[in-house]
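Structure first, then comments.
The values are calculated or read from the model by the stated rules, or taken from the named source; none is laboratory data. On a predicted model such as this, the values are computed, not experimentally measured, just so you know. Backbone-built Cβ (ideal geometry, glycine too); neighbour counts: all protein chains shown. Protein only, heavy atoms only, side chains kept; ligands, DNA and RNA dropped before computing areas. Shrake-Rupley method; radii C 1.70, N 1.55, O 1.52, S 1.80 Å.
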Amino acid sequence: MTEPASSGAVRWAVVIPVKPAAVGKSRLADGLPGGVDRAALARAIALDTIAAAAQAAGVDEVVVVTADDEVDAAASALARVRVVRETEPKGLDAAVAAGVATVEAPGRGRAALLGDLPALAPEDLADALERGASVERGVVADSEGTGSTLVTAVPGVPWLSAFGVDSFARHRAQNFVALDVPADSTLRRDVDTAAHLAEAAVLGVGSRTAAALGVVPAVIPPSGASESLA
Ligand SMILES: Nc1nc2c(ncn2[C@@H]2O[C@H](COP(=O)(O)OP(=O)(O)OP(=O)(O)O)[C@@H](O)[C@H]2O)c(=O)[nH]1
Ligand SMILES: C=C(OP(=O)(O)O)C(=O)O
């Protein structure tokens, strides 16, 4: 197993919450191409996000918090990924906090990444984490500028997150520093709707999402090509 190169002084644990696919990504149901299974697509989106995060420089471990058996099994097979089972629905912030609480290395920065970023490029996450290393708490806005896709806390800073509607403004109000990642970073394109999915497809979605959409693999960047199994 090859370690990713360091992206700076801080090494990170990245927590990714994933709702059970049977109930998650409900807003995606409207406008999906015929024949696309929404639950399978929701899992594929989450697993592409997890796989990209696990390949980002500076990331020591990815902690997936989920009650979904299939996501658990597939994520657990990836190097640097650990799954924390969610025994009852907790809500997003509580699920993230449960994952953060299992991070044992006190010298590690902690980050929460939403699990709906199918176009995420590992280098875009690495770039954001490097920026997050120089502030106590950081936040990355989604493409609309209203939500948050990444929240960070450097070692020693107590964990806090305030995900949900208009979370970017609420994170900023709690003194999270807006991390200056490019407007077109793949880290910003979360997918809640079919229109978002179309934008993610332009950026280039991961191999699992492409397969769930029935897209010809040859036009998809090989984001999963170099993944190693644990
Ligand atoms: N483990 C866990 N993950 C959650 C929970 N709520 C949301 N998430 C995850 O957080 C991320 C962002 O959530 P939303 O955009 O609200 O996703 P969603 O609830 O699946 O989507 P909608 O049903 O369309 O509202 C996704 O990766 C979700 O799977 C929760 O209670 N537990
Ligand atoms: C969960 C969030 O947003 P969305 O529902 O748009 O993914 C958020 O921005 O905190």
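A compact table of results
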quantity	calculated
Enumeration of residues in region 82-102 that are within 20 Å of Thr152 (Cβ to Cβ) and open to solvent by 20 Å² or more (accessible area, probe 1.4 Å)	Arg82, Val84, Leu92, Asp93, Ala94, Ala97, Ala98, Ala101, Thr102
When residues of region 1-12 are limited to those that are modelled with pLDDT of 90 or more and surrounded by fewer than 22 Cβ atoms within 10 Å (Cβ to Cβ), the one nearest to Ala75 (Cα to Cα)	Arg11
Qualifying positions in region 144-165 - within 15 Å of the chain's Cα centre (by Cα) and more than 8 Å from ligand 2 (Cβ to nearest atom)	Leu150, Val151, Thr152, Ser161
Residue among Ala195, Ala201 that is closer than 23 Å to Gln55 by Cβ and not aromatic (Phe, Trp, Tyr)	Ala201
Unique match (being part of a strand (DSSP E or B) and within 16 Å of ligand 2 (Cβ to nearest atom)) among Val96, Val65, Val83	Val65
Residue check, Ala183 without any contact (Cβ under 8 Å) to a residue 60 or more places away in the chain and not in a helix (DSSP H, G or I)	yes
Among residues of region 182-217, those that are within 15 Å of ligand 2 (Cβ to nearest atom), in contact with an Asp or Glu (Cβ under 9 Å, 6 or more places away or on another chain) and not polar (S, T, N, Q), counted	9
Which listed residue, of Leu78, Leu47, Leu32, is of a type in the set (A, V, I, L, M), away from ligand 2 (no atom under 16 Å from the Cβ), modelled with pLDDT under 95 and open to solvent by less than 40 Å² (accessible area, probe 1.4 Å)	Leu32
